[in-house]
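The values are calculated or read from the model by the stated rules, or taken from the named source; none is laboratory data. These numbers come from a predicted model, not from an experiment. Ideal geometry is used to build each Cβ from the backbone, glycine not excepted, and the neighbour counts take in all protein chains shown.
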Amino acid sequence: MMTKKRNSLIVVGAALALVLPFIVSNPAHQNYLILVLMFAQIGVAWNILGGYVGQVSLGHVAFFGIGAYTSTALLISVGLSPWIGMLIGGIVAAVFGVMIGWICFRFKGHYFTMATIAVAEIIQVLFTNWEGVGGAVGLYVPMDRQGWGVMVFNSKLPYYYIALGLLCVTLLGNWAIEKSFLGYYFRAIKDEPEAARSLGVSLTAYKLVAIAISSFFTAMGGSFYAQKELFIDPGSVLVTSLSVKMSLVTILGGVGSLFGPLVGSTLLTGIEEATRQFFGGSGMGIDLIIYASIIIIVAIYYPAGVLGWIKHLLRRDAKTEGGA
Amino acid sequence: MMCMRKLRSAFAAALLLGPCFFGSAQAQQEIKIGAIYPLTGAAASTGLEMRNALELAADMINNGAKGIDMPLAAGGGLPNLGNAKIRLIFADHQGNPQVGATEAERLIMQEKVVALLGCYFSNVTSTASQMAERYGVPFLNPESSSAKLTQRRFKWFFRTTPHDDLFVHNFYEFLKDIGAKKNLKPKRIALLNENTEWGVETTKIEEKLAGELGYNIVEKIIYPAKSTQLTSEVQRLKASKADLLMQSSYLGDAILSMKTYKEQGFAPSAILANDAGFSDTEFRRTLGKDANYVLSREVWAKDLTTQNPLIKQVNDLYAQKYKTDFNGNSARSFTGLFVLADAINRAGSTAPEAIRKALSETNIPGKHLIMPWEGVKFDATGQNTLGRGIIVQIQNGEFATVWPFDIATKDIIWPMPAWDKR
């Protein structure tokens, strides 16, 4: 019953997502939709490690930045299409993720989180001083050539569908993990690490699998960002606040659930843009106060995330229906 | 449930209050100009100063300012557009390039601004101006100094401030002038620059120009920013027997280096600093009289008010309203809006192409500016070619403009006295 309901919801949602940019025609509004999809996608990618395996990383921006820098540097230096650059960026980030994981998984809980912050900071310093990738000046994606080959467009529509496609691919990846033995292993590692180990599940090996997949998808999001904004520098693709945002959309939406990050991103981006639009120009920081208050309210009253709360409501409704 | 109600009322309040800030009274034709600045975050205080300066400029154009001899300052809006008033629409970019681009797009598409101003941070300026370029909307940048910005050869991008390369050129022009006037030519130059992009780029240009202009660089040190000690660096400087030191440092390093110079008795004829840490009020406050004689590149100084009555008048107006003097940032923002308004007025239209064309034909003489520039005139890349930096020297704990000589308020003290003879 529930799955049927869920499936029909997914179909309706997907259909809506496909036609949405034709309903919303103002490019500024389309831009918001793209931001929602983009942050949802990296949230979903973060969720693989942070949600399913329970390894809260606040250094994921390093993977995001590696993705952005790899595809952009390859595009500028050898004219490689960002489509391939995106994949290479993902692979570079996955390899890097495994290396980092090898070291950082020695730490548990909060210490792991702290270690990931440190790694991201180091990466930021490295890129700031690395002349070959523009140093602190950053890299510009050339605007003179446009079209699908170079993934540069004047219109918002292609960006919207690329973001949507990326999100779908990442969601599919997560769904496949959820359904496979990996999903069970991951949850076992999160909830009962000792029991999982006693049953022969290698904790480190599977955590490494998770970080590799997670960083791969995060890096793809980074490449997309670079193609959308056409400019990257350490201050935009390697900042800690972006790591926080990835985890925030997931935690707000629902940790460890497939669509949680999408719900979280819709909510967070919506609040962020709306409050900034109304109050940002005032220069009094009202937008950020409201933004923060809403996050605090959700965190206090709906610790399972907004999606968890919606599910809870649905279940209650179903129960009352059953009773009647 | 309780908190859901709270949430809902918060949203309702937001929706009700929103329009108050953006009330759209369309009594007279308005020229909407978008201004994207860091209004929250680490640079918020700087951002608010620039916002104040822009508001003062808009107020002068719309309502006039008595006795100020500046084009468009008579009040009553823009005469060529039926006295249309300027309306500034501010947006906060939070120091985030992605937010800068998002806000630029919103201002263009939703608020229908005719031009954009901003964004102080070079990286935000680059994404926001890219958005303007895409939509074909004029973008005027009053205060970002990364040379890269005008190298993009955008059609819609204009920058009034000199950029980092020009500032280094200014160093050598200054040396040439001082050489001609006082017959002082530094024979041994040492460079001490910090190791982030700014210091590294500066080092490159300093070296390149020294080679072209026949100056001898005897020592080149790039030190890690935020160092806790500079002893070995200063020993190297001392051993180099340099008579001129060119230095780029942020505040903490600048103070530390000065203390170490004193400790080790390193006193070249002159220390020529590259703004930043040396221009900070805290630099003079912490070092007291030990800060004297340092030369620094600047974009604006308060003593310019004694040279140009216009600068004094406008600064008085600003000080009266906001209880502080102009500084390099706010003075540049103020100038940016006047340059833009001048172009829109000459265009006589709000059509983007007309404004762009008028901007490219801008020719404002220095006497109508509150900047120490020769004027405003853009080249094909959109860079103002008449801008220049100034050199100030700390004399008795105050900044005094010592170069260019035509606007200097004090005579330069060169060489600076040795530490034990002060």
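The residue that is nearest to B:P372 (Cα to Cα), among those in the stretch B:316-348 that are surrounded by fewer than 24 Cβ atoms within 10 Å (Cβ to Cβ) and among the hydroxyl-bearing types (S, T, Y), is B:Y318. If you go through the stretch A:111-134 and keep only what is within 25 Å of the chain's Cα centre (by Cα) and either among the basic types (K, R) or facing chain B (nearest Cβ under 9 Å) (or both), you end up with just A:T128. Scanning the stretch A:241-268 for residues that are touching a Leu at 6+ places or on another chain (Cβ under 9 Å), modelled with pLDDT under 90 and within 14 Å of chain B (Cβ to nearest Cβ), we see that the one that is surrounded by the fewest Cβ atoms within 10 Å (Cβ to Cβ) is A:L267.
Scanning the stretch A:21-45 for residues that are free of Cβ contacts under 8 Å to residues at least 24 places away in the same chain and within 22 Å of the chain's Cα centre (by Cα) turns up A:A28, A:H29. From the residues in the stretch A:178-203 that are under 19 Å from A:R106 (Cα atoms) and part of a loop (DSSP other than H, G, I, E, B), which one is farthest from the chain's Cα centre (by Cα)? It comes out as A:G200. Filter the stretch B:203-225 down to the residues that are in contact (Cβ under 8 Å) with a residue 24 or more places away in the chain, more than 23 Å from B:K241 (Cβ to Cβ) and under 23 Å from the mean Cα position of the chain (by Cα) and list them by number. Correct list: B:I205, B:A225.
So which of A:I23, A:I42, A:I48 is more than 26 Å from B:V99 (Cβ to Cβ) and at pLDDT 90 or above? That would be A:I48, the only listed residue that is more than 26 Å from B:V99 (Cβ to Cβ) and at pLDDT 90 or above.
In the condition set (1) in contact (Cβ under 8 Å) with a residue 12 or more places away in the chain; (2) more than 14 Å from chain A (Cβ to nearest Cβ), B:S232 is compliant with all but (1). In the set B:K185, B:K148, only one residue is modelled with pLDDT under 90 and away from chain A (no Cβ under 14 Å); that residue is B:K185. When the stretch B:112-123 is filtered for residues that are within 14 Å of another protein chain (Cβ to nearest Cβ) and either part of a strand (DSSP E or B) or buried (at least 19 other Cβ atoms within 10 Å of the Cβ) (or both), the ones remaining, listed by number, are B:V113, B:L116, B:L117, B:G118, B:C119, B:Y120, B:F121, B:S122, B:N123. Residues in the stretch B:28-43 that are facing chain A (nearest Cβ under 10 Å) and modelled with pLDDT of 80 or more were compared, and the one that is surrounded by the fewest Cβ atoms within 10 Å (Cβ to Cβ) is B:T40.
The lone criterion from (1) surrounded by 18 or more Cβ atoms within 10 Å (Cβ to Cβ); (2) within 22 Å of the chain's Cα centre (by Cα) left unmet by A:L139 is number (2). Scan the stretch B:127-142 and tell me whether some residue there is closer than 22 Å to A:D287 by Cα, modelled with pLDDT of 95 or more and more than 9 Å from chain A (Cβ to nearest Cβ). Checked the stretch B:127-142: at least one residue is closer than 22 Å to A:D287 by Cα, modelled with pLDDT of 95 or more and more than 9 Å from chain A (Cβ to nearest Cβ). Just so you know, in the stretch B:79-97 the residues that are closer than 16 Å to B:L39 by Cβ, surrounded by 22 or more Cβ atoms within 10 Å (Cβ to Cβ) and touching a Lys or Arg at 6+ places or on another chain (Cβ under 9 Å) include one that is farthest from the other protein chains (Cβ to nearest Cβ), and it is B:Q94.
Counting only helices (runs of 4 or more DSSP H) wholly contained in the stretch B:189-305, no element carries 2 or more residues that are surrounded by fewer than 20 Cβ atoms within 10 Å (Cβ to Cβ) and on the phi > 0 side of the Ramachandran plot.
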